[in-house]
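Worksheet: one structure, shown below.
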Amino acid sequence: MPAPLSIVIPTLQAESGLPRLLEALIEGLPSGLIREVIVSDGGSQDATCAIAEAAGAQLLTGPPSRGGQLRRGCDAARGDWLLVLHADTLPDPGWAEVVADHIAASDAPACFRLAFRASGPGAAWVAGWANLRTRLFGLPYGDQGLLIRRRDYEAAGGYPDQPLMEDVHLVRALARAPVLLPHRAVTGAERYLHGGWLRRGARNLWTLVRYFAGTDPEVLARAYRR
């Protein structure tokens, strides 16, 4: 029986984080969990593509748009389950057993509990809100990862080709909200460290409100990058 899990990673100038993620994924190989790792790149000019190919990942290239990159990656995947991970997000050791147990026991989409590579009350506050938001509203963001059956992904219409809020669009279209796995994924905190935890957190919440109100994702992406 083929391995059940295809891992899809969108990248853009990700040479600093991608090697650590690819190394962390190795634990899923001996048990026969991982069928393939797909890196969907949006035009990196650094060593991202070379790193992906050297690691034996399937490399796809195309225009830079996280939603479009994820759509291309998921369309190419052959596993019955998809695990989408950002290049700067590392699931804690032991992730493979947790994912395998979930696949064996449940059909529900799932995501990891969020943590940051930073300490202090700001990091705890933002991560705690993200995990509470997931529990209460079934609304994780992409840096928590997304584990989903291929047929559920396809039934929801897949990722839209848009530069921001592609993760929110998909999870809102699912028949069932994602559940939290009993395991962490630790993601980079650079934007928060640069912009301030409360300020950046409030900005992200305002972006979400504007998206729900119908603001064009292209407009939101330009504001988000400023």
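The values are calculated or read from the model by the stated rules, or taken from the named source; none is laboratory data. All figures in this text were calculated on a predicted structure; none of them were measured in a lab. So basically every Cβ, Gly included, is an ideal-geometry build from the backbone, and we count neighbours across all protein chains shown. Keep in mind that these areas ignore ligands, DNA and RNA; they rest on the heavy atoms of the full protein, side chains included. Shrake-Rupley method; radii C 1.70, N 1.55, O 1.52, S 1.80 Å.
Counting helices only, and only those DSSP H runs with n ≥ 4, report the 222 nm mean residue ellipticity of the chain as the sum of -39,500 (n - 2.57) divided by its residues, in deg cm²/dmol to the nearest 500.
-13000 deg cm²/dmol
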**OP:** Estimate the FRET efficiency between residue 106 and residue 208 by the formula 1/(1 + (r/R0)^6), using the beta-carbon distance for r and 25 Å for R0, to the nearest 0.05.
**Re:** 0.40
Original post:
residue 78 to residue 194: extension gain in nm, 0.36 nm per residue of separation minus the Cα-Cα distance?
Top reply: 37.9 nm
**OP:** Can you give me the span-like helices of the chain, meaning DSSP H runs with 18 Å or more of Cα extent along the axis and Kyte-Doolittle mean at or above -1.0?
**Re:** 121-137, 197-212
**OP:** Using a/c under 1.5 as the rounded threshold, could you call the range 20-156 rounded, prolate or oblate? The axes a ≥ b ≥ c are square roots of the C-alpha gyration tensor eigenvalues, and prolate needs a/b larger than b/c, oblate otherwise.
**Re:** rounded
Original post:
In the chain, carbon and sulfur make up what percent of the accessible area (probe 1.4 Å)?
Top reply: 55 percent
Subject >> Distance from the range 1-21 to the range 31-69 (C-alpha centre basis), Å >> reply: 6 Å
Subject >> Residue-normalised accessible area of the range 1-111, given per residue in Å² at a 1.4 Å probe >> reply: 42 Å²
**OP:** Round to the nearest 10 and report in Å² the accessible area of residue 224, as given by a 1.4 Å probe over the protein chains' heavy atoms.
**Re:** 50 Å²
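When a/c reaches 1.5 or more, the comparison of a/b and b/c decides; with that in mind, is the range 79-226 rounded, prolate or oblate per its Cα gyration tensor?
Taking the square roots of the gyration eigenvalues as a ≥ b ≥ c, the range 79-226 is oblate.
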Subject >> Computed magnitude of the charge dipole of the chain (debye, nearest 20; Cβ of K, R +1, Cβ of D, E -1) >> reply: 900 debye
Subject >> Per residue accessible area in Å² of the range 146-226, where ligands, DNA and RNA are left out and the probe is 1.4 Å >> reply: 55 Å²
**OP:** With a/c under 1.5 counting as rounded, go ahead and sort the range 1-76 into rounded, prolate or oblate using the C-alpha gyration tensor (a ≥ b ≥ c being the square roots of the eigenvalues; past the cut-off, prolate if a/b is larger than b/c, else oblate).
**Re:** oblate
